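Colleague: What follows is a single structure, and I will ask about it in a moment.
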Amino acid sequence: MKNNNEYKIAIFGAFASIIFTAIYDFIKAKPILSTFWNLLKWIWNHIFEFQLKIWQILIFFITIWIIKSIIKVFKKPNENLTTQNDADWLNYTEDNINGLNWRWKWIKNVLTHKWNIEDLTIACNKCGTSMHLDDSYVYGKTAECPRCENRIRDYKDLVKIEAIIIDNVKRDMYKK
Ligand SMILES: [Zn+2]
């Protein structure tokens, strides 16, 4: 995971700078031979310079990562045109499954970029109107047509219908 690594580097960088500062303070407080002191100063200056560069790179990567994340969040569901044009299964929004006409919409999740089935319902077998589905503990599964009052009982579980639709797409079985 690239993002995770960037995060780890940032933590490591923070720790490293704390440790180097501690060493620097320790060196300053102790009387040491001037040559040795100069050598340490030379190392410190070079390490410090290196640290600065790492921080600049880190800030650069973190800024890019933040911008990328913001763009991802605000991306509209249908913005990805290649998916839109290539994926003809997006037009697959109706099918007869287990003797009933099912109807649904494909909605892209803005965070995961995955397409989800939404508004899954049964089309009335008498007038074609989208039915109102109700799953109650007492009455069981009932689909009711708002137009002609037609009722359908004991339709297949919505989770199973979704699984069948997704399987049809994955195995190209939706193409008639
Ligand atoms: Zn109806």
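Coordinate-derived values only; no laboratory data. Treat the numbers as computed from the prediction; the structure is a model and nothing was measured. Cβ: placed from backbone, ideal geometry, glycine included. Neighbour counts: every protein chain shown.
Colleague: Which of the pairs K68/K160; K105/K126; K8/K105; K108/K175 have their Cα atoms more than 30 Å apart in this structure?
Modeller: The pairs that break the limit, which is 30 Å between Cα atoms, are K68/K160; K8/K105.
Colleague: May I pose another question? May I ask for the Kirkwood hydrodynamic radius of the range 81-170, worked out over all distinct Cα pairs and given in angstroms to one decimal?
Modeller: When all Cα pairs of the range 81-170 are included, the Kirkwood radius is 14.2 Å.
Colleague: For a quick protection proxy, order the peptides 93-103, 136-146 by their average other-Cβ count within 10 Å, most packed first.
Modeller: With the highest mean Cβ count within 10 Å placed first, the list reads 93-103, 136-146.
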